[in-house]
Amino acid sequence: MSAPGNGAASGGPAGGGAAGGGAAAATGTHAHLDADLRAVLEAWPAPTPEQEQLRRDYLAHLSAHADASAKAGPPAHFTASCLVVDEPRERVLLTLHRKVGRWLQFGGHIEADDPSVAAAALREAVEESGLPAGSLHLLPGPAQLDRHALGSGFTRCTEHLDLRWIAVADPGAEPVVSPESLDVAWWPVDALPPDTDASIRALISALP
């Protein structure tokens with residue numbers, strides 16, 4: 001879970017760049033994911049000057065570090081996360097993270113067998129929400145970048161450079177609490193947990 005290719009997907013990967021999987025994914029390296037990261041970031045139209053600066057910083061970090069998308073790479077590395085919303089955009093599904101102790105979006109480390117960064121975000125949402133893969137529909141993205149330092153509950157990881165997507169859940173989809181969470185619950189967008197991070201509030205306020 002992360003503490004706080006383009007095109008829609010229904011229960012499958014979405015995102016820009018080199019996201020096809022294939023031989024690169026089968027090698028167990030992150031080369032195809034670093035390439036996908038670069039393609040996504042180079043094509044992404046940042047919505048604000050602050051997000052544009054982060055986009056440039058992300059590209060510089062990617063150029064400076066090998067396996068920048070891997071947990072075993074540099075202590076500051078890329079992650080993928082996903083904010084799950086209902087179709088009317090009236091509620092968001094958040095997890096009470098076991099390590100962080102706060103309500104967050106779903107997310108975490110990018111795995112070598114993920115075909116793309118967007119697919120990693122969707123996988124994390126499915127694993128941590130307990131929702132069926134076919135009930136989540138990833139919107140074109142990413143929707144937000146967020147770079148944040150980590151607390152003492154994490155080991156060698158010092159900083160996450162997160163790419164955040166949005167996924168719409170089918171009506172009636174019911175979450176199941178995963179081992180990584182203390183709870184998973186729907187929250188009205190106008191009545192979020194009091195300690196919700198400002199970056200998540202900003203993402204919710206800009207829902208398409």
Taking Cα atoms only, Rg over Rh for region 56-208 with Rh from the Kirkwood formula is 0.94
Taking a quarter of the surface of the Cα convex hull of region 49-143, what do you get in nm²?
-> 7.5 nm²
With +1 at each Lys and Arg Cβ and -1 at each Asp and Glu Cβ, the charge dipole magnitude of region 83-166 around its Cα centre, to the nearest 20 debye, comes out at 320 debye
Express the accessible area of region 71-208 per residue in Å², computed with a 1.4 Å probe while the remaining protein chains stay in the model.
-> 39 Å²
Within region 45-143, list the GluC sites (Glu not before Pro) lying in a DSSP loop whose Cβ has at most 15 other Cβ atoms in a 10 Å radius.
-> Glu90
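The values are calculated or read from the model by the stated rules, or taken from the named source; none is laboratory data. Keep in mind the model is a prediction, meaning the values are calculated, not measured. Neighbour counts are summed over all protein chains in view; Cβ atoms, including those assigned to glycine, are modelled from backbone coordinates with ideal geometry. All accessible areas refer to the heavy atoms of the entire protein, side chains included, with ligands and DNA or RNA removed. Shrake-Rupley method; radii C 1.70, N 1.55, O 1.52, S 1.80 Å.
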